[in-house]
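Q: Below is a structure I'd like to ask you about.
The values are calculated or read from the model by the stated rules, or taken from the named source; none is laboratory data. Treat the numbers as computed from the prediction; the structure is a model and nothing was measured. For neighbour counting, all protein chains shown are included, and Cβ atoms are generated from backbone atoms with ideal geometry for every residue, glycine included. The protein model used for the area step is the full one, side chains on, heavy atoms only, and it has no ligands, DNA or RNA in it. Shrake-Rupley method; radii C 1.70, N 1.55, O 1.52, S 1.80 Å.
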Amino acid sequence: MQSSGREHLEQRLRACAPERAAFIPFITAGDPDFSTSVQIALMLARHADAIEIGIPYSDPLADGPVIQEASLRALAAGMTMSRAFDLMRAVREQSDVPLIAFTYANPVMQAGFGVFMQSCRESGVSGVIVPDLPYEESDDLLAAADATGVALIPLLALTSRERIAKIAARAQGFAYCVSSLGVTGERSNFSAELRSFVQTVQQHAAVPTAVGFGVSTADHVRELAAFADGVVVGSAIVRRCGAMQPAAQSGDDATLRAQMEELERFCAGLAHAAVRAGAAS
Amino acid sequence: MYPDERGRFGEFGGQYVPETLMSALRQLEDDYARLSQDDEFTAQLSEYLSTYSGRPTPLYYAKRLTELLGGPKIYLKREDLNHTGAHKINNTLGQGLLAKMTGKKRVIAETGAGQHGVASATVAALLGLECTVFMGEEDMARQALNVFRMRLLGAEVVPAVSGTKTLKDATNEAIRHWVQHVEDTYYIIGSVVGPHPYPMMVRNFQRIIGDETKEQILRQEGRLPDVILACVGGGSNAMGIFYPFVSDAHVRLIGVEAAGDGVETERHAASIAKGRKGVLHGSLTMLLQDADGQVLPAHSISAGLDYPGVGPEHAHLGATGRATYVPITDREALEAFSLLARVEGILPALESAHAVAHALKLAPGMQKDELLVISLSGRGDKDVEQVQPYFGGGNHAE
């Protein structure tokens with residue numbers, strides 16, 4: 001029997017332990033364009049345990065400037081929700097890497113919660129993250145997630161405190177721990193409270209925990225891999241994808257190939273950093 | 001009574017925000033519930049509203065406008081006579097005091113034309129708080145004088161350079177900033193929008209407009225008005241004047257939305273007339289958006305109405321039919337702006353001119369013994385430079 005998206009994702013993340021933390025890169029669908037996005041995702045699939053794909057939205061209020069700009073570039077280039085599903089389906093036809101759709105409450109609501117989750121299942125998407133749909137507002141989407149076997153991945157924040165238990169208890173796929181106060185974007189260091197926060201979430205969640213927002217270097221990944229089950233890297237990768245736009249647009253294949261190779265080296269380094277000290281490499 | 005315990009006005013409202021903000025919103029609910037019953041808070045607020053802002057504002061019988069239109073007696077609720085020139089200060093005094101009394105040292109605000117930014121900067125100066133105002137880069141260019149006013153008042157003005165670079169994006173930036181600084185910063189939202197408890201709280205700080213109007217019209221006329229008109233962008237002046245009359249079923253409440261070039265075009269800001277249910281800035285409301293749920297840019301000559309969403313309680317009043325919402329174009333608003341100046345010697349804000357414009361349409365069809373109240377939410381001095389080209393630099397529009 002074919003496993004559900006949720007099971008597929010959870011199994012892949014669990015399989016990483018104890019040698020390493022899962023490496024989960026993020027890209028924006030359609031940035032710099034549809035086919036380059038597919039190529040980037042397939043390249044990432046060689047190094048990643050799951051990939052987050054941002055479905056671009058006009059008003060991404062949980063995102064910093066890098067992902068905001070990527071969203072606007074992708075929208076300007078004609079990306080839509082239905083094209084984003086085409087893109088994810090194209091990736092899944094060539095790879096079994098679990099995909100996670102990241103988007104906002106309004107586009108999901110306009111599609112219809114049930115229709116959206118059904119599209120996820122049909123496109124081979126394993127999990128969904130909606131950063132402006134907190135616990136109190138997520139009952140309808142959760143019901144649709146349960147009906148389709150797609151994971152609804154909740155976010156937890158350093159300010160969640162007494163909310164951690166109830167949010168973590170119904171986490172599916174993984175529990176997404178937001179590294180610090182603020183939106184997505186590259187940062188230089190993390191809060192001293194982060195480790196104990198993640199450990200609290202781990203006590204309450206039946207699924208793995210991953211840390212994201214601001215994770216941008218191999219050193220960050222190494223630091224977080226020591227206690228988190230997974231690490232999400234977004235803006236640092238998205239910035240490099242955005243830089244491919246001129247070459248992708250002008251058909252400068254040599255430059256594009258060189259940039260793709262540079263991105264692959266960067267991501268391979270991140271994946272390597274997720275291997276825990278002491279584990280055989 | 002709305003909102004319910006989930007922060008909903010019927011199906012509208014709620015708290016669609018990043019998890020990082022949820023604890024702060026709960027804390028704000030608790031702080032507001034406590035302080036709104038606190039004698040010292042209410043006494044201080046009331047003192048500032050009267051001695052600092054100049055309340056109560058008059059309910060003025062516009063005799064010449066009444067005679068010109070030949071219909072109901074028309075009254076203007078003169079919110080333009082508040083300190084800083086608009087109703088916005090009713091709310092910023094309330095929220096500023098709330099910030100101060102809960103130990104916050106710093107406030108942030110979003111602004112479109114700059115009116116709420118100026119009112120926030122003013123209150124921050126009054127209460128000794130640091131203030132940062134987010135304003136769309138486009139709006140900063142269009143309203144350079146208000147940017148200077150805020151800076152004179154000691155506020156930092158930060159350009160919002162994302163998206164359409166207007167109020168919507170300034171609000172996004174303010175929310176993003178708040179997520180990062182939530183532990184020491186208070187966010188003063190300028191209208192009856194945003195996640196619960198903001199729409200309720202801002203309405204309650206603005207209801208003084210309606211409470212005074214009720215008392216004044218009863219004193220001056222011995223009865224309640226037949227119609228109340230107010231412009232609606234986010235809708236705080238409208239919610240403020242409507243709310244005390246919501247249970248007076250025979251009082252018609254009419255919100256006037258900005259139709260820009262016309263609701264049949266793509267350039268308008270008529271969220272209730274032309275929008276669909278959707279989520280913007282933390283609440284489920286009526287929203288201008290495309291089929292995919294991407295937010296569409298709004299258009300209005302009035303920066304204060306140039307917003308693709310609307311307060312969730314208006315969405316609810318519209319859905320239940322308790323209030324009706326009508327569109328007024330840029331051109332109609334400009335004509336009303338000019339007419340009120342010449343007939344009554346009052347320059348209304350372009351926002352308020354939308355409400356006046358609907359009165360020009362409505363009044364001739366009403367009876368002489370009826371009463372019509374217009375919320376004159378702000379004064380038009382801020383708009384004089386902007387409207388000059390439309391009037392050819394001359395004396396009046398034709």
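Q: Which of the aspartates and glutamates could be linked to B:K104 by a straight reach, that is with a Cα gap under 19 Å, when you skip same-chain ones fewer than 8 residues away?
A: Here the aspartates and glutamates satisfying the reach criterion relative to B:K104 are B:E29, B:D30, B:D31, B:D38, B:E40, B:E130, B:E156, B:E183, B:D184.
Q: Okay, next question. In whole Å, what is the distance between the alpha-carbon centres of segment B:240-266 and segment A:175-212?
A: One Cα centre to the other: 45 Å.
Q: Within a 10 angstrom radius of each residue's Cβ in A:101-114, how many Cβ atoms of other chains show up on average? Whole number is fine.
A: 4
Q: Could you work out the relative contact order of chain A? I mean the mean sequence separation of Cα pairs under 8 Å and 6+ apart, divided by the number of residues, in percent.
A: Taking the mean separation of contacting Cα pairs over the length of chain A, I get 23 percent.
Q: Which three numbers, in whole Å and largest first, are the semi-axes of the equivalent ellipsoid of segment A:91-232 derived from its Cα gyration tensor as √(5λ)?
A: So the equivalent ellipsoid measures 26, 17, 14 Å along its semi-axes.
Q: Where the eigenvalues come from the Cα gyration tensor of segment B:133-214, what are the semi-axes √(5λ) of the equivalent ellipsoid, largest first, in whole Å?
A: After scaling each eigenvalue by five and taking roots: 24, 18, 13 Å.
Q: Taking loop as defined by DSSP and a crowding limit of 14 other beta carbons within 10 Å, which trypsin sites (Lys or Arg not before Pro) in segment B:135-231 fit?
A: B:R223
Q: Tell me which residues come under 5 Å, amide H to amide H, from B:A259 once H is placed; ignore anything under 5 positions away on its chain.
A: B:A269, B:I328, B:T329, B:D330
Q: Please report how far the C-alpha centroid of segment B:135-176 lies from that of segment A:61-75, rounded to the nearest whole angstrom.
A: 20 Å
Q: Let me spell out the model: positive unit charges on the Cβ of Lys and Arg, negative unit charges on the Cβ of Asp and Glu, origin at the Cα centre of the protein assembly as shown. What dipole size does that give, in debye rounded to 20?
A: Around 540 debye, computed over the protein assembly as shown.
Q: What is the Cα centroid distance between segment A:99-172 and segment A:230-262, reported in whole angstrom?
A: Answer, in whole Å: 29.
Q: Students often forget the sequence filter, so: which lysines lie under 21 Å Cα-Cα from B:K100 once same-chain residues fewer than 8 apart are removed?
A: B:K100 reaches B:K88.
Q: For B:S236, A:S3, give the ranking by accessible area with the largest first, probe 1.4 Å.
A: My answer, sorted largest first, is A:S3, B:S236.
Q: Please tell me which of these pairs span more than 30 angstrom C-alpha to C-alpha: B:K165/B:K274; A:K166/B:K105; B:K361/B:K382; B:K274/B:K368; B:K105/B:K165; B:K105/B:K168?
A: Too far apart for the 30 Å limit: A:K166/B:K105; B:K274/B:K368.
Q: With the crude spin-label approximation of a point 7 Å out along Cα→Cβ, what separation in nm comes out for A:A15 versus B:D30?
A: Calculated label separation equals 4.5 nm.
Q: Pairs of Cα atoms under 8 Å, at least six residues apart: use those to get the relative contact order of segment B:1-141, whole percent.
A: About 15 percent, as a whole number.
Q: Could you list the trypsin sites (Lys or Arg not before Pro) in segment B:56-140 that lie in coil according to DSSP, counting only those with at most 16 other Cβ atoms within 10 Å of their Cβ?
A: B:K105
Q: Give, as ranges by residue number, the residues of segment B:91-111 whose backbone N falls under 11 Å from the point 7 Å along Cα→Cβ of B:M1.
A: Counting only backbone N, you get no residues.
Q: Turning to a different aspect of this structure: Using the charge dipole of the protein assembly as shown (Lys, Arg: +1 at Cβ; Asp, Glu: -1 at Cβ; taken about the Cα centre), state which of B:A230, A:T148, B:F391 has its Cα farthest towards the positive end.
A: Farthest towards the positive end: B:A230.
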